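To start, the structure itself, in C-alpha cells.
The values are calculated or read from the model by the stated rules, or taken from the named source; none is laboratory data. Note that the structure is predicted; figures quoted are calculated from it, not measured. Virtual Cβ from ideal backbone geometry, glycine too; neighbours counted across all protein chains shown.
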Amino acid sequence: MTKLAIADTLISRRNLFALSGLLILADQVTKALVRHGLELYERIELLPVLSLVRLHNSGMAFGLFNVPGGVQLLIITLVAVLVSAYLMREIWLRRTPDAWRAIGYALVLAGAIGNLIDRLSLGHVVDFVLMHAFDWGFPAYNVADVCITFGVGAWMWSIFKESKSSSSAFSLAEVMVVLLILAVLVFITVPTYVGFTDRAAQTAGEGDLLRCGASLERRLLDGGSLIGISDSDGDGSGDATTGAIARDVCVTTASDYQVQVIHAEGDFYLLHAVPEADSDLPLLGYDAYGSTFIDQNGDGDFDDPDEMIW
C-alpha cells in the first residue's frame with residue numbers, strides 16, 4: 001500500500017468522525033467531573049501558573065462575548081450549528097485535500113459540538129482550566145476550546161501549504177467559515193493583561209461567600225446556631241458573632257478578600273467579602289436569603305438597584 005493510500009485511509013470519514021466523537025466524549029466527561037467535584041467559582045491551584053476553577057460561560061470559546069442576557073446565546077448557538085453542519089458535510093463528501101485539513105475539520109467539529117451540547121443542555125458552557133502568572137492571565141477554557149484552537153491552526157496550515165503549491169481557489173463557504181473562526185481566535189488568543197487579575201480575585205471572593213453561606217446553612221440544618229461563627233482572637237476558632245469568619249466554620253481561599261460576618265441573629269446572617277486596603281476590588285455581600293450584592297460605585301454599601309446581584 002502506498003503512502004498516499006495509507007494517508008487516505010487514516011483520514012477516512014469514519015476515522016475523522018470517530019476522532020471527533022472521542023474528543024466530544026473527553027470534553028463532556030471532564031466537564032461532568034468539574035460540575036460534580038467543584039462548586040461554582042471554586043478554585044484549586046495545581047501549580048503557581050495553573051489552576052482548576054469552575055466557571056459558567058455564556059459566551060464563545062475562552063469566555064468571549066460572555067455578557068448578561070440571552071441574545072448572545074441564540075447567536076452563538078446558530079453559528080455553532082452552521083459551522084458543525086458545514087464541517088460534517090465536508091468530511092462526509094471527503095473534501096479534505098490533505099491530512100492537516102482533515103484533522104482540522106475533525107478538531108473544530110468536536111469543539112463546536114462539545115460546547116454546543118453544554119449550551120443546549122445547561123444554557124452555558126463549563127470552563128475549568130485557568131492559566132495565570134503575575135499580572136498576566138488567560139481566559140478560562142475547556143477541552144472543546146483546545147480542540148477549536150488546534151483545529152483552526154491545522155486548517156490554516158493546510159491553506160498556507162495549498163496556497164504555495166497550487167493556484168486553486170477556495171470556496172466562498174470555506175473562506176467565510178475560516179475568517180469567522182479566525183476572527184474569534186484573534187480576539188481570544190491575545191492575553192488579557194488589563195483587569196484579569198481583578199476579575200480572577202473577585203471571582204474567588206464570590207466563591208468564598210457562596211461556600212461560607214453553604215457552611216452556615218449546613219450548620220443551621222444540623223441544629224447548630226450562628227453563635228461563635230467569627231474569630232475575634234485570630235486563632236481560627238469561632239468565639240464571637242461578628243467579625244472575620246472563623247476557619248473552623250469556613251476555609252476561605254481568596255487572598256485579596258476577607259470574609260466578614262456583619263450580622264448574625266437567629267437563622268439570618270449577612271456576610272461581606274471585604275477587599276484588602278488600597279484595593280480597587282469591589283465590596284461583595286451575601287445573606288441568608290441567597291441574595292448577592294456588589295458595591296459597583298465604591299461608596300461602601302449596596303443601596304443602588306444595580307448593586308443587588310452579581
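Here are some notes:
- Residue in the range 272-279 that is touching a residue at least 24 places away in the same chain (Cβ under 8 Å), within 17 Å of E42 (Cα to Cα) and of a type in the set (G, A, S) present: yes
- Single unsatisfied condition, Q296 versus (1) surrounded by fewer than 18 Cβ atoms within 10 Å (Cβ to Cβ); (2) farther than 20 Å from D233 by Cα; (3) out of contact with any Asp or Glu (no Cβ under 6 Å at 6 or more places or on another chain): (3)
- Of the residues making up the range 24-75, those that are at pLDDT below 90, polar (S, T, N, Q) and not in a loop (DSSP other than H, G, I, E, B) are S51, N57, Q72.
- Single residue of the range 126-162 satisfying the filter (surrounded by 12 or more Cβ atoms within 10 Å (Cβ to Cβ) and at pLDDT below 70) that is farthest from L19 (Cα to Cα): W136
- Qualifying residue in the range 229-247 (condition: assigned to a strand (DSSP E or B), more than 23 Å from V53 (Cα to Cα) and polar (S, T, N, Q)): yes
- Search result, residues across the range 251-277 that are surrounded by 14 or more Cβ atoms within 10 Å (Cβ to Cβ), touching a helix residue (DSSP H, G or I) at 6+ places or on another chain (Cβ under 6 Å) and at pLDDT 90 or above: Y257, V259, Y269, L271, A273
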